[in-house]
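All remarks here apply to the structure that follows.
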Amino acid sequence: MNEKELIDSAVAAMKSSYSPYSGFSVGAALLTCSGRIYTGCNIENSSYSITMCAERTALFKALSEGERDFEAIAIVGGRDGRITDGCPPCGACLQAMSEFCGGDFTILLFDGDNVNKHTLGSLLPESFKIKKQ
Ligand code: THU
């Protein structure tokens, strides 16, 4: 995996963030096992609760193109369009990832200075699952 390329893609995606209500931009870049990168940003709405997170934007873009196998995601976020925070995915995004990704799926968090490497299993040790019939 080219971690720098994945992080650079997340940084570029963050520029498309539509976040006039929180002022907090997030960018994500999702790497498939076949080597493709799908990017996403957060997209807010004046009906606040329908806001979509960057991670799920990227995931749903990839899924809707038929992708099902994922290796890693890079995430960046911060105020006023700058990377000011390490930005771990929210619980809803972790749960969405867990539908398609195993515990060894890599989650890269870039805070502007350092890359912190996590796995889905470490950030969400137990996910809700319904056994397929
Ligand atoms: N946000 C994300 O894009 N990803 C997360 O995992 C958590 C939060 C966005 C949603 C909202 O637009 C802004 O960050 C502030 O909550």
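Rule-based calculations on the coordinates, nothing more; no lab input. Since the structure is predicted, the reported quantities are computational estimates derived from the model, not experimental observations. We place every Cβ from the backbone using ideal geometry, glycine too, and count neighbours over all the protein chains shown.
General observations
- Quarter of the Cα convex hull surface for the chain, i.e. its orientation-mean projected area (nm²): 8.3
- When each of the peptides 102-110, 1-9 is scored by the mean number of other C-beta atoms lying within 10 Å of its residues, the order from highest to lowest reads 102-110, 1-9.
- Degrees, to the nearest 10: 3-14 long Cα axis against longest axis of the chain: 50
- When the alpha carbon gyration tensor of segment 46-120 is reduced to an equivalent ellipsoid, the three semi-axes, largest first, read 20, 18, 10 Å.
- Rounded Å value of the spacing that divides the Cα centres of segment 1-77 and segment 96-133: 14
- Inter-site label distance for GLU3 and SER22 at 7 Å from Cα along Cβ, in nm: 2.5
- Remark: relative contact order (the chain) = 20 percent; criterion is Cα-Cα distance under 8 angstrom and separation of 6 or more residues.
- Top positive-direction residue, dipole computed over the chain with Cβ charges, set CYS53, ASN116, LEU6: CYS53
- Non-local lysine pairs in the chain, meaning eight or more places apart or on different chains, with alpha-carbon distances under 22 Å, amount to 4.
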